[in-house]
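The values are calculated or read from the model by the stated rules, or taken from the named source; none is laboratory data. The structure displayed is predicted, hence computed values, not measured ones. Please note: Cβ atoms are built from the backbone with ideal geometry, for glycine as well, and neighbour counts cover all protein chains shown.
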């Protein structure tokens, strides 16, 4: 078993190798170590703009994965998606080279910052982290930020700061977030997911209990009090608890008098039962109100200027793949969204319906066979408000198709709810169908955590209006 990794154990001449260096989080960690002066190498199946950026900073990049790539490494970093028989991981272990998971490296880096902030939850982590980024930047905190998407304000998914704040998402898959010991933890929600790894709801939410127990004793928890599961998880926590929400009876930070003004969502920010200021959001939906409240709750717990924090949220216009406007196709507006869980789908579609389009087309790509099977009934009733739904093949990710579930089966189930639903195997066929049938004044949204975003790119090619 590996000894617990500490960043101070590394010396400047050491080589750190990343398996799958092109990933969003892996590339950010590689950049942090490059800037710190370490010798960093990495491999991946293909190059990318992110990889080429790292090469300019000094990364040694290997196309493809071979045992020889790690032979002179001091440390090898991998993700949960890397299997034990990966040639680089297997070679490193055989040679006695220390290997650590991505989250363990991130947790070790975060320890260097007095105010580390970890945003957790089944849904909303990237949006909340991005909103909080706007707040920290507006208050001149000069934070280091690692977000799970491209945020325009920081020109990507990583910002290296000189201040004492480190902000990152805390992913629960494979209990990765248990490698973090934050000063502040946010718990947005805890609806069971990743049931290919977790045994059941109790196992899943038990991991969240273990996570919140690791928050610094002099830090605090920011919790969604509207969510009964979150409050159950937080029960018994022995650090400061700050509750946010819309409907719960006892709230420290609340949204009151929610309204729409000139196409924007507005609400009165109430702190400790006193209305402080007005918050204006460019993004729609109650889920985004809760996300913004979570960000403001962290700002409150950190003692930041709350008027300045509230104003900063008006600058947040979204992050890539979170109801992202992509352009037009035959006059219809095209959006792309990462939603891949029934609850996320419902929230995104609810926001879409508020925009007043006369017809909504949705292209959904289920993500993993295990999730599709586990939430089959939930998916069947998640698309209320969609006029026409097109299902692409399930994105397998790390899994193998055993034939027990398919998009064709799911399409048949959704049809029973009265929604016009089609299964189409080829992306080109989906694009051709939409170009032939969509019209001005309508909305097309592609949804899923796989490569369905390619369809929105194909639809809007040559048109980024």
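Consider residue 144 carefully, then state whether it is in the same structural domain as residue 228 (by TED's automatic domain parsing), at pLDDT 95 or above and touching a helix residue (DSSP H, G or I) at 6+ places or on another chain (Cβ under 9 Å).
Spelling it out, residue 144 is indeed in the same structural domain as residue 228 (by TED's automatic domain parsing), at pLDDT 95 or above and touching a helix residue (DSSP H, G or I) at 6+ places or on another chain (Cβ under 9 Å).
Test residue 397 against the criterion of being surrounded by fewer than 17 Cβ atoms within 10 Å (Cβ to Cβ), touching a strand residue (DSSP E or B) at 6+ places or on another chain (Cβ under 8 Å), under 22 Å from residue 121 (Cα atoms) and modelled with pLDDT under 95, and give yes or no.
yes
Can you pull out every residue in region 175-216 that is outside any loop (DSSP other than H, G, I, E, B) and within 16 Å of the chain's Cα centre (by Cα)?
Those that are outside any loop (DSSP other than H, G, I, E, B) and within 16 Å of the chain's Cα centre (by Cα): 175, 176, 177, 185, 186, 187.
Within the group 53, 4, 12, which residue is under 27 Å from residue 149 (Cβ atoms) and modelled with pLDDT under 95?
Unique residue meeting the criteria: 53.
Just one of the numbered conditions (1) surrounded by fewer than 24 Cβ atoms within 10 Å (Cβ to Cβ); (2) touching a helix residue (DSSP H, G or I) at 6+ places or on another chain (Cβ under 8 Å); (3) farther than 22 Å from residue 317 by Cα; (4) not assigned by TED's automatic domain parsing to the domain that holds residue 33 is not true of residue 160; which one?
Residue 160 satisfies all of (1) surrounded by fewer than 24 Cβ atoms within 10 Å (Cβ to Cβ); (2) touching a helix residue (DSSP H, G or I) at 6+ places or on another chain (Cβ under 8 Å); (3) farther than 22 Å from residue 317 by Cα; (4) not assigned by TED's automatic domain parsing to the domain that holds residue 33 except (3).
For region 371-378, check the following and say yes or no: at least one residue is farther than 18 Å from residue 335 by Cβ, touching a residue at least 60 places away in the same chain (Cβ under 8 Å) and surrounded by fewer than 19 Cβ atoms within 10 Å (Cβ to Cβ).
So in region 371-378, the residues farther than 18 Å from residue 335 by Cβ come out as 371-378.
With touching a residue at least 60 places away in the same chain (Cβ under 8 Å) added as a condition, the list becomes 371, 374.
Keeping just the survivors that are surrounded by fewer than 19 Cβ atoms within 10 Å (Cβ to Cβ) gives 374.
Yes; the residues of region 371-378 include at least one that is farther than 18 Å from residue 335 by Cβ, touching a residue at least 60 places away in the same chain (Cβ under 8 Å) and surrounded by fewer than 19 Cβ atoms within 10 Å (Cβ to Cβ).
Of all residues in region 1-44, which are assigned to a strand (DSSP E or B) and touching a helix residue (DSSP H, G or I) at 6+ places or on another chain (Cβ under 8 Å)?
16, 17, 18, 19, 40, 41, 42, 43, 44
Residue under question is residue 396, and the condition is that it be within 24 Å of the chain's Cα centre (by Cα) and within 24 Å of residue 286 (Cα to Cα); does it hold?
In short, no.
Within region 379-399, does at least one residue satisfy the condition of being assigned to a helix (DSSP H, G or I), farther than 24 Å from residue 457 by Cα and out of contact with any helix residue (DSSP H, G or I) (no Cβ under 9 Å at 6 or more places or on another chain)?
So in region 379-399, the residues assigned to a helix (DSSP H, G or I) come out as 379-380.
Keeping just the survivors that are farther than 24 Å from residue 457 by Cα gives 379-380.
Of the ones still in play, those that are also out of contact with any helix residue (DSSP H, G or I) (no Cβ under 9 Å at 6 or more places or on another chain) are none.
So far as region 379-399 goes, no, none of its residues is assigned to a helix (DSSP H, G or I), farther than 24 Å from residue 457 by Cα and out of contact with any helix residue (DSSP H, G or I) (no Cβ under 9 Å at 6 or more places or on another chain).
All but one of (1) surrounded by fewer than 23 Cβ atoms within 10 Å (Cβ to Cβ); (2) touching a strand residue (DSSP E or B) at 6+ places or on another chain (Cβ under 6 Å); (3) closer than 12 Å to residue 166 by Cβ hold for residue 129; state the number of the condition that does not hold.
Exception for residue 129: condition (1).
Looking at 322, 328, which is the one that is buried (at least 17 other Cβ atoms within 10 Å of the Cβ), over 24 Å from residue 121 (Cβ atoms) and in contact (Cβ under 8 Å) with a residue 12 or more places away in the chain? Steps first, answer last, please.
Values: 322 fails: over 24 Å from residue 121 (Cβ atoms).
Going through 322, 328 in turn, the sole match is 328.
Show me the helices (runs of 4 or more DSSP H) found entirely inside region 402-465 where at least 2 residues are under 24 Å from the mean Cα position of the chain (by Cα). Full working, then the answer.
Values: elements: 407-415, 427-437, 453-460.
Where helices (runs of 4 or more DSSP H) fall fully within region 402-465 and carry at least 2 residues being under 24 Å from the mean Cα position of the chain (by Cα), they are 453-460.
Please enumerate the residues belonging to region 202-241 that are at pLDDT below 90 and either outside the structural domain of residue 125 (by TED's automatic domain parsing) or exposed (fewer than 15 other Cβ atoms within 10 Å of the Cβ) (or both).
Within region 202-241, 236, 238 meet the criteria.
Where in region 233-312 are the strands (runs of 3 or more DSSP E), entirely inside, with at least 3 residues that are in contact (Cβ under 8 Å) with a residue 40 or more places away in the chain?
240-245
Of (1) touching a strand residue (DSSP E or B) at 6+ places or on another chain (Cβ under 9 Å); (2) on the phi < 0 side of the Ramachandran plot; (3) free of Cβ contacts under 8 Å to residues at least 60 places away in the same chain, residue 87 satisfies all except one. Which?
(1)
Just to check your reading of the model, which residue among 24, 35 is touching a strand residue (DSSP E or B) at 6+ places or on another chain (Cβ under 9 Å), in contact (Cβ under 8 Å) with a residue 24 or more places away in the chain, more than 21 Å from residue 91 (Cβ to Cβ) and in the same structural domain as residue 85 (by TED's automatic domain parsing)?
24
Among 116, 47, 130, which is the only one that is part of a strand (DSSP E or B) and closer than 29 Å to residue 337 by Cα?
Matching residue, one of 116, 47, 130: 116.
Looking at 198, 173, 165, which one is touching a residue at least 24 places away in the same chain (Cβ under 8 Å), assigned by TED's automatic domain parsing to the domain that holds residue 300 and out of contact with any strand residue (DSSP E or B) (no Cβ under 9 Å at 6 or more places or on another chain)?
Exactly one residue qualifies, and that residue is 173.
What tally of residues in region 59-69 results from selecting those that are surrounded by 14 or more Cβ atoms within 10 Å (Cβ to Cβ) and at pLDDT below 95?
1
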